[in-house]
Amino acid sequence: MNVEIVEFPETRVAAIEYKGPPETEHQSVMKLIQWRKENNFPPSPAYRNYGLHYNDPRKVPPQEYRVDLCISVDRKVEENPYGVINKVIPACRCARARHLGSRENVLAAEFLYEQWLPQSGEQHSGLPIIFHYVNVGPDIREQDMITDVYLPLK
């Protein structure tokens, strides 16, 4: 797997904070999609999709799993019934790897943490790992999905 060291830019996002079993995360995704439609943030290079993953669902109890589901935005998020809030992904130096295929098991994240990081001489900064869902939507087939994974470094 190809790994590059890149600078991730500070990014303002609209976010839903999810904590609980990975199996019910999709309900929060649907809320974010509905909010996106109502507030005119169509999937595009201007409004990118991110997941900020705070822990590994394979290694924590289901009730401890935590992810922020995000859309990059260019304006303040107003109070809303969906629980979408303002957040900022800070600028950071990252190791980036690309995952192709289903988002059920993003192998690039596993590779970065478990294989690349221990051998790299680098250290994880402690910030959540960032998934950039490069292509999203109902017309994207699982085998065509692209996810760039950013591991924040010290």
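The values are calculated or read from the model by the stated rules, or taken from the named source; none is laboratory data. Since the model is a prediction, treat every value here as computed from it, not as a measurement. Every residue, glycine among them, receives a Cβ derived from its backbone with ideal geometry; neighbour counts consider all protein chains shown. When the accessible area is computed, the model is the full protein with side chains, heavy atoms only, and any ligands, DNA or RNA have been set aside. Shrake-Rupley method; radii C 1.70, N 1.55, O 1.52, S 1.80 Å.
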For the stretch 116-145, pairs from a residue that is over 22 Å from Glu104 (Cα atoms) to a residue that is charged (D, E, K, R) and loosely packed, with under 14 Cβ neighbours inside 10 Å, with Cβ under 9 Å and 6 or more apart or across chains, are Glu122/Lys154; Gln123/Lys154; His124/Lys154; Ser125/Lys154; Gly126/Lys154
Looking across the stretch 61-82 at residues that are open to solvent by 40 Å² or more (accessible area, probe 1.4 Å) and not acidic (Asp, Glu), the single one that is nearest to the chain's Cα centre (by Cα) is Arg66
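A quick yes/no check of all residues on (1) closer than 26 Å to Leu112 by Cα; (2) touching a helix residue (DSSP H, G or I) at 6+ places or on another chain (Cβ under 6 Å); (3) modelled with pLDDT of 95 or more; (4) not β-branched (Val, Ile, Thr):
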position	(1), (2), (3), (4)
Ile5	yes, no, yes, no
Arg12	yes, no, yes, yes
Tyr18	yes, yes, yes, yes
Glu23	yes, no, no, yes
Asn40	no, no, no, yes
Ser44	no, no, no, yes
Tyr54	yes, no, yes, yes
Arg58	yes, no, no, yes
Pro62	yes, no, no, yes
From the option list Leu151, Leu127, Leu107, single residue qualifying as at pLDDT 95 or above and out of contact with any helix residue (DSSP H, G or I) (no Cβ under 6 Å at 6 or more places or on another chain) is Leu127
Picking from Ala108, Ala91, the residue that is of a type in the set (A, V, I, L, M), open to solvent by 40 Å² or more (accessible area, probe 1.4 Å) and closer than 28 Å to Trp35 by Cβ would be Ala91
Among residues of the stretch 20-75 being acidic (Asp, Glu) and assigned to a loop (DSSP other than H, G, I, E, B), the residue farthest from Ile146 (Cα to Cα) is Asp74
